[in-house]
Structure formats: structure tokens, C-alpha cells
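K.L.:
One structure, as C-alpha cells, below. Some questions next.
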Amino acid sequence: MTVRPFRLLVLAVALMIVATACTGGDAGRVPANPDNQRGADGEPGNTLTVYSRDPQLAKPLFTLFEQQTGITIRTRFGDPITLAEQVIADGDATPADLFYAPLSDALGTLAAAGRLARLSDQQLRRVPPAYRSPDGTWVGTAGRAHVVFYNTDRLSEADLPATILGFTDTVWRGRIAWDPTSRSLQDAITAIRQRDGDDAARGWLRGVRANAPAALRGAEPIIKAVAAGQIAQVGFGSHSYLPALQQDGQATNVAAKFYPGDPGGLLNVAGVGIIKGTDKQAAANAFVDFMLSPAAQQYFAQNDREIPVVTGAQPPAGMPSADQLKVPGLDVRQFEQLADARRLLTEAGIIATA
């Protein structure tokens, strides 16, 4: 997703307005470091190392955090799963103080491995239980809903099934595009497994496969294929990619169908956790507070078109809220690792290996 130059200005103005909204005038600020004390990693006490998701999304937020708090951020960007595995492999020697990435197969993997510290009750209370760790080691910040993109030249919303499970109908043969390797789809499969069982999830996958979907890598190629209308008229993916393309004048004949409360409309959450054993706890907590602040939540909605998860935060215009997208009865711990979803995809003959 492209970061546009005006984003920093938008967030800077928002921060000036709401910087004191959470905990008072010194919110997120840590004491100065007059003795130039350093952490175990040799960095000054007001320097944090954050392992993070997409730099285009994260860098503007990190820059404003630095400006607001005086804390310096050092980053390591990369594939979230690879970064999580590195933190686990490094153990207590990891240079990471914080981890900011998707829950699935990344943040959740760290939680399951016991590599995250428990957050404060005040931080946890700001996020509904559906979007935070049951053991209090991470909180969601914002998410991307799994949606169905459709070509508005060929279809209306009324033509789409009432649930994503309806795409096994033979009427959709040769009209679907998807990415079976995507975290978004695998999260949706995990939700179907939890709600309806393995047999139902396996049956859905086999039904969609029987409809000869076009397998493409990534949401943007799927949206572009739907816009062209030649190999697909509908496609599955994360909602936030469509506004980014349309802002550049592309895929203007594509719309997104949200499925609130349905496993196929699951909100794929990214979040933040503090690495257990960091000796920069105050600065790390300031970072978590910032990511849950009104300014950051507004930034997610207005600039990245993600759906914020903090209680009371408003979604982008025309989109459902995080509360509306909750799927009743789901255990968020099931999203910590997606091995079972990949197993079902393998059993259905859709991907080669689990």
C-alpha cells in the first residue's frame, strides 16, 4: 500500500489535537535519560527496537511516535513469520523490544511460545476480548476484513450469496479468483473450522475448488482480475487493498462485499506486544499506549483504510465496525498458528504442502 506525502501532516495535526486524550498531558512520554543509561543491547534507554510489518504502513506512525515522545525507534522489517521465528530462536538475546505484526502465524506464535510480556490491565481494557490475547500478552490495533470483491459491471451486491459458503454453488464456476496462500483466506478457513467443524471447512474448500477458481498471488492481482472481468467476476481478499487502488484511478468498477458476523467476513487483526525481558519497559509501554491512542486509531481508518479495534474508534466511512465483524464463539488463540488451515487446503488438493 503506497504511503502518500500528506499522511504525516494529517497524523501530526491529529496528534496535536488528541495527544492528551488517553492519560493526560504527559501521555506516552518517558523521563529523560540524563545519565545516558543504556539497555542490555547497548542502545540508550529511550531507544526501542521494533520488529514490524510493512514499512510503508508503519514508518509514518513510528515517526510521529518519535516526535510525540522523544523516544527513538529502530526497526527491523521483514516477513512477520520469519521475524517471529527469529525472536524465538534468539531467546533472551533478542534485540527486539516490541513486535508489531498480524496475529496469525506471527504475533500469535510469539504468544504461544511465551515470548511476550503481559500488558497492563488499562491497555487490555481498551480493546474488546475478541481482538486481544486471552492471556493479556498482545492487543489488536486495527484489521483488514476478509471480503468478496465483485465486478459492478457484471454483478450487483444482490447477486452475491448471503454467506461466503454460498460460493460452492455451481453458478460461480469459472468466475472466482482467490489466493489460497494468503493469511486472510487461511484465517477465514480457521473461522469456518471453529464454527462449523473440519468437515464443513473441508467441504467448502472442495466446493470452491470444483468451481475452478483462478489462483493468483496477492489481493491486488485478484482485484485487477475482477475489474477486467475475463478470468473472474468475484474474488476473495482483504478489503483495504481496494481503496488504495481506486485512489490511483484503478479498479473503479469493483466493490467490496462485507460479511459481518460470518466466518468469511472475519477481521484479520494486526497488533502489538512487548517482548518478555526487555529492559525498556516504560518506553515499550509508551509505544503500546500510542498505538491504542485516538490519533493512531484515526490514522488507521483515514489513511490506511484499516478498521480500528479500540473500543469507540470509528471505522472508515461506509465500512462496518470491528464490533460488527466479530464472529460469535471464536477463540482467538486458534489464529495463533494456521497449520490446520493449511492442512485442509492440502487435503483438498489446493496447495501442495501443509
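The values are calculated or read from the model by the stated rules, or taken from the named source; none is laboratory data. It should be emphasised that the depicted structure is a prediction, and the values quoted were computed from it without experimental measurement. Cβ placement follows ideal geometry from the backbone for every residue including glycine, while neighbour counts extend to all protein chains displayed.
K.L.:
Mind checking which residues of the range 265-312 are in contact with a His (Cβ under 8 Å, 6 or more places away or on another chain) and among the charged types (D, E, K, R)?
P.N.:
Within the range 265-312, R305 is the sole residue that qualifies.
K.L.:
Out of A32, A93, I need the residue that is in the same structural domain as Q297 (by TED's automatic domain parsing), at pLDDT 95 or above and farther than 26 Å from D304 by Cβ. Which one?
P.N.:
Values: A32 fails: at pLDDT 95 or above.
Of the residues listed, the single one that is in the same structural domain as Q297 (by TED's automatic domain parsing), at pLDDT 95 or above and farther than 26 Å from D304 by Cβ is A93.
K.L.:
Can you tell me which residue among G143, G136 is within 26 Å of A270 (Cα to Cα) and free of Cβ contacts under 8 Å to residues at least 24 places away in the same chain?
P.N.:
Exactly one residue qualifies, and that residue is G136.
K.L.:
Kindly indicate whether any position in the range 308-318 is closer than 21 Å to L64 by Cβ, in contact with a Lys or Arg (Cβ under 7 Å, 6 or more places away or on another chain), surrounded by fewer than 21 Cβ atoms within 10 Å (Cβ to Cβ) and not charged (D, E, K, R).
P.N.:
The answer is yes; a qualifying residue exists.
K.L.:
Only residues that are more than 16 Å from T82 (Cβ to Cβ) and either in contact with a helix residue (DSSP H, G or I) (Cβ under 7 Å, 6 or more places away or on another chain) or outside the structural domain of L83 (by TED's automatic domain parsing) (or both): list them for the range 47-71, please.
P.N.:
L48, P60, L61, T63, L64, F65, Q68, T69, I71
K.L.:
Then there is this: Please give the number of the condition D279 fails out of (1) over 20 Å from E306 (Cα atoms); (2) buried (at least 24 other Cβ atoms within 10 Å of the Cβ); (3) touching a residue at least 40 places away in the same chain (Cβ under 8 Å).
P.N.:
Condition not satisfied by D279: (2).
K.L.:
Sticking with this one: Picking from A191, A219, which residue would you name as being small (G, A, S), at pLDDT below 95, under 30 Å from P129 (Cα atoms) and buried (at least 18 other Cβ atoms within 10 Å of the Cβ)?
P.N.:
None of the other options fit; the residue is A191.
K.L.:
Restricted to the range 146-181, and to residues that are under 23 Å from A201 (Cβ atoms), among the hydrophobic types (A, V, I, L, M, F, W, C) and without any contact (Cβ under 8 Å) to a residue 12 or more places away in the chain, which residue is surrounded by the fewest Cβ atoms within 10 Å (Cβ to Cβ)?
P.N.:
A162
K.L.:
Name the residue that is surrounded by the fewest Cβ atoms within 10 Å (Cβ to Cβ), counting only residues in the range 97-116 that are small (G, A, S) and over 19 Å from L57 (Cα atoms).
P.N.:
G114
K.L.:
Any idea which of T137, T168 is of a type in the set (S, T, N, Q), out of contact with any Asp or Glu (no Cβ under 9 Å at 6 or more places or on another chain) and assigned by TED's automatic domain parsing to the domain that holds I274?
P.N.:
On the way: T168 fails: assigned by TED's automatic domain parsing to the domain that holds I274.
Checking each option against the conditions leaves just T137.
K.L.:
Restrict the check to the range 164-176 and report whether at least one residue is among the polar types (S, T, N, Q), modelled with pLDDT of 95 or more and assigned to a loop (DSSP other than H, G, I, E, B). It would help to see each step written out before you state the result.
P.N.:
Residues of the range 164-176 among the polar types (S, T, N, Q): 168, 170.
Filter once more, so that each one left must be modelled with pLDDT of 95 or more: 168, 170.
Still in the list and also assigned to a loop (DSSP other than H, G, I, E, B): none.
No: zero hits.
K.L.:
Same structure, new question: Could you check the range 259-276 and list, in sequence order, the residues that are closer than 25 Å to A191 by Cα and surrounded by fewer than 21 Cβ atoms within 10 Å (Cβ to Cβ)?
P.N.:
Those that are closer than 25 Å to A191 by Cα and surrounded by fewer than 21 Cβ atoms within 10 Å (Cβ to Cβ): P260, G261, D262.
K.L.:
Determine which member of the set L292, L344, L338, L325 is buried (at least 17 other Cβ atoms within 10 Å of the Cβ), hydrophobic (A, V, I, L, M, F, W, C) and in contact with a strand residue (DSSP E or B) (Cβ under 6 Å, 6 or more places away or on another chain).
P.N.:
Sole residue among the options that is buried (at least 17 other Cβ atoms within 10 Å of the Cβ), hydrophobic (A, V, I, L, M, F, W, C) and in contact with a strand residue (DSSP E or B) (Cβ under 6 Å, 6 or more places away or on another chain): L325.
K.L.:
Could you pull out the residue among V254, V272, V234, V226 that is at pLDDT 95 or above and in contact with a Gly (Cβ under 6 Å, 6 or more places away or on another chain)?
P.N.:
Going through V254, V272, V234, V226 in turn, just one is at pLDDT 95 or above and in contact with a Gly (Cβ under 6 Å, 6 or more places away or on another chain): V226.
K.L.:
Here is a follow-up. Mind listing whichever residues of the range 194-204 are surrounded by fewer than 22 Cβ atoms within 10 Å (Cβ to Cβ) and at negative phi? Before the answer, list the steps.
P.N.:
Residues of the range 194-204 that are surrounded by fewer than 22 Cβ atoms within 10 Å (Cβ to Cβ), as a first pass: 194-200, 202-203.
If the condition is that a residue be surrounded by fewer than 22 Cβ atoms within 10 Å (Cβ to Cβ) and at negative phi, then Q194, R195, D196, D198, D199, A200, R202, G203 are the ones that fit.
K.L.:
Look at the range 176-224 and say how many of its residues are in contact with a strand residue (DSSP E or B) (Cβ under 7 Å, 6 or more places away or on another chain) and of a type in the set (V, I, T).
P.N.:
Of the residues in that region, 4 qualify.
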